[in-house]
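Read through the structure below, which is laid out as structure tokens, and then see the notes.
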Amino acid sequence: MGMRRVAVVGAGMTKFVRRALETGRELAFEAASKALESCELTLDQVEAVVMGTAPDAFDGVHMKGEWLSDGAGAWGKPYMRGYVGGGTGVFAPAQGWYHVASGLFDICLVVCEEKMSPVQPHPQGAFLTIFDNFTERALGPNLLWIFALEMNAYMQRYGLRKEDIAQVAVKNKRNAADHPASLLGDRTITLKDILDSEVLAWPVQRLDVSPVTDGAVALVLASEAVARRITSKPVWIEGVGWNLDTAYWTDRDLAYPTYVEEAARMAYRMAGITEPHKQIQIAEPYDPFDYKELHHLEGLLLFPKGKAPEATAAGVTQRTGNLPVCPSGGLLGVGNPIAAAGLMKVAELFWQLRGEAGARQVPGDPRRGVAQAWGDLMQVGTVVVMGR
Amino acid sequence: MGILHSLEHPVEAGVWRGSIPLQHRYTAGVAGERFLRGLKEGKIYGTRCARCNYTYVPARLYCERCLSHLGQQAWLEIGLEGEVLSFTEVHIDPAGRPLDKPRWVGLIRLRGASGVLMHNLEGVTQENARVGLAVKAVFRPAKERSGSINDIRHFAPA
Amino acid sequence: MDQHVFPTRGLSEKDFSEHRVLVEHWALKADYAWDTGVAIGGYLQGLKQGKLLARHCNRCRRTLIPPRMFCEECFCPTDDWVELQNTGWVKTFSLSNVRWDMVRLEQPEMPAVVAIDGASPGMGILHLLGEVEPKAVAIGMRVQAVWKPAAEREGSITDIRYFKPIG
């Protein structure tokens, strides 16, 4: 298609914490500086910056993208902020990709940041505007409703029990115990812990949900010629995809994420993937709730519709299984700073494909991974395929 | 053909009222915490990037020009004196209503700082207001300070 | 990759309650008078009259609820108002024990997505279920709208109190 090859050459992140002392700008700085340090670049070598950060309402500042720009290293540089809710973390690297692939820039820094903790009394309040002001808000809804309604639709379609879904939370929280930045990693958590947790909005229970989190992640992207000078192990962005379904969420089939499939097809086509289940060795789908990992695995065409739960039960998605899913520990284990979470997954693929994931390392020399995020009015799918 | 042309029945397009109430509890940040505690002690701190030769007041954790971390060695005490780089006499409040008494606000370059600080001006009038006016920070009494930008009451002609 | 993780400083709720960190509070109250637009204006007026209204697109032949003045698939204006029935079926439902600020509700509520008869298949709206025990609710269950008396209706989605099982 005439685009240059683009690689990720460096990555850095903050610890993911429930509430940080750091301001949002300081969080952006911490991740950006770690990313530059990791590949020994200085700020003056960065030619453009792409920022991903979600609702301004969280931080309570005006023009949050601009406000964060100095911490993201964007002072005096071409800068672009993208925002598709939770999908942002995988959308931002796609934007970074075309900054470089187009030939406009050789080195682009991608930073994703979220500081949710300032909203009082609970960050859910910043999401109330997700409901239509005319036809929904008067019913007194809360954000959990949407997930609970979607989860129930998925469970009913395929005759699933809570156990079939809660096993994802167990897997991811255990995986996260090996992630140095994780908030909720727990090596000893059990299915019973999940099933005994407080019912918030049935069928959603407290431990089915990822935590409110502050954090930031950053990646350094470079064109092929430059990448090869920076590192002996560039990880290529082989495909990107993004897709938006209707904002009329009550008109959609909630049991299947069509927008994820469309985004995946776009990314797979670009990457030359025709049999995803065979050609991809690691998957990092977006898991803000345990059922979403299953939902998204099916949308990513990695498992047939309704079949992700039984594959999980059979151990296929464990780190040592045939298709490791969320070896990072995902949002359920590492944490969910809304825009930064997706980029944590892309960074995970970067480290995994270079053999640098330490205790989380997936065995067998993986060569290709897919990261996916979701959000917005629950209707965006964003996908990135990485390969070595 | 536009949307309005296809309307058969004129509809009473209405107005729906609502509000978005949001409350925030902000932390000052790593640098902010230390800067504001400095104000509580009656001191103004900055951080200096040696590489860029730039001193930030209020103090910052990192240099935005080169993204260096401004650690312990970068902190310095800035004096209370400076000069006015711009000023304005304000006649209305944030809701647009007239103030009982006009209020003066200025941008002050403290000696040693590279940028300016926005704050209240006192003792500045139509007659003496000018760019370059020498001013000094006037703090509230120690027991009234809480670790806030308002621990400085205003800047007044030196 | 541990060296690539910055040691961010996490705080606990106690750090705030015991005033170990400086904070600023800010309460933003943004008030709005939103123009409903033609489609929703009509929808709300219909609700006041005890009707559920949809819009029809002649090109793709879908009947759309909530109504909209342009069809997002055909990308052209929709053509007609259609009055739907007061009945439908439950596409999905939940039983919520908490409010938006995570405070527990005394009485749990049952939000649901209800597909309305007369609209295109699967076209639904968000609402609440009532007069039914949670255990008795099932996806696919047939329901009907329970309206407020005419004098109490204001032109709001809450002019329907809830949907209850038929029969």
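Odds and ends about this structure:
- Placing unit charges on the Cβ atoms only, positive for Lys and Arg and negative for Asp and Glu, gives segment A:259-376 a dipole magnitude near 300 debye about its Cα centre.
- Degrees between helix B:29-40 axis and first principal axis of chain B (Cα, 0 to 90, nearest 10): 60
- Estimated [θ] at 222 nm from DSSP helical runs (n ≥ 4, -39500 (n - 2.57)) normalised by residues in the protein assembly as shown, nearest 500: -6500 deg cm²/dmol
- B:CYS66-A:MET3 pseudo-label distance in nm [points 7 Å out on the Cα-to-Cβ vector]: 3.6
- FRET efficiency for C:GLN85 and B:ALA95, using Cβ-Cβ distance with R0 set to 51 Å, rounded to 0.05: 0.55
- For C:ARG161, distant residues with modelled amide H under 5 Å away: C:VAL146, C:TRP147, C:LYS148
- Rounded tilt (10° steps) of C:37-48 against the dominant C-alpha axis of chain C: 70
- Extending 7 Å from the Cα toward the beta-carbon at both C:ILE166 and B:VAL138 defines two label points whose distance is 7.8 nm.
- Residue-wise HN-Hα coupling along segment A:213-230, computed from phi with Karplus coefficients 6.51, -1.76, 1.60 (Hz; x: Gly, Pro): 9, 10, x, 8, 9, 9, 10, 10, 10, 9, 5, 3, 4, 6, 4, 5, 7, 7
- Residue-wise HN-Hα couplings along segment C:77-83, as the Karplus relation 6.51 cos²θ - 1.76 cosθ + 1.60 with θ = phi - 60° gives them from phi, are x, 6, 10, 9, 7, 10, 8 Hz; Gly and Pro carry x.
- Working note: Cα atoms of segment C:41-149, range along each principal axis, descending, whole Å: 46, 30, 29.
- Three principal axis extents describe the C-alpha atoms of chain B; from largest down they are 73, 44, 35 Å.
- Quarter the surface of the alpha carbon convex hull of the protein assembly as shown and you get the mean projected area, 35.2 square nanometres.
- Among C:HIS56, C:GLY155, B:PRO102 - extreme Cα towards positive end, dipole of the protein assembly as shown, charges at beta-carbon: B:PRO102
- Each Lys and Arg Cβ is given +1 and each Asp and Glu Cβ -1; about its Cα centre, segment B:29-157 then shows a dipole of about 340 debye.
- Taking only the C-alpha atoms of segment A:1-91, Rg followed by Dmax gives 13.8, 46 Å.
- The H on the amide N of B:HIS154, modeled in the peptide plane, is under 5 Å from the matching H of B:VAL138, each at least 5 residues off or on a different chain.
- Residues of type lysines that C:LYS164 reaches as a straight line, Cα spacing below 24 Å, ignoring anything fewer than 8 places off in the same chain: C:LYS48, C:LYS51, C:LYS91, C:LYS135, C:LYS148
- Across segment A:118-128, coupling constants 3J(HN,Hα) worked out from phi with the 6.51/-1.76/1.60 Karplus curve, θ = phi - 60°, read x, 5, 10, x, 7, x, 4, x, 6, 9, 4 Hz, and Gly and Pro carry x.
- Over all pairs of different C-alpha atoms in segment B:9-78, the reciprocal of the mean inverse distance, the Kirkwood hydrodynamic radius, equals 14.9 Å.
- Shown for chain A is the translational diffusion coefficient from the Stokes-Einstein equation, using the Kirkwood radius over Cα pairs, a temperature of 4 °C and a viscosity of 1.567 mPa s: 64 µm²/s.
Each value in this text was obtained by applying a stated rule to the coordinates, not by laboratory testing. Treat the numbers as computed from the prediction; the structure is a model and nothing was measured. Every residue, glycine among them, receives a Cβ derived from its backbone with ideal geometry; neighbour counts consider all protein chains shown.
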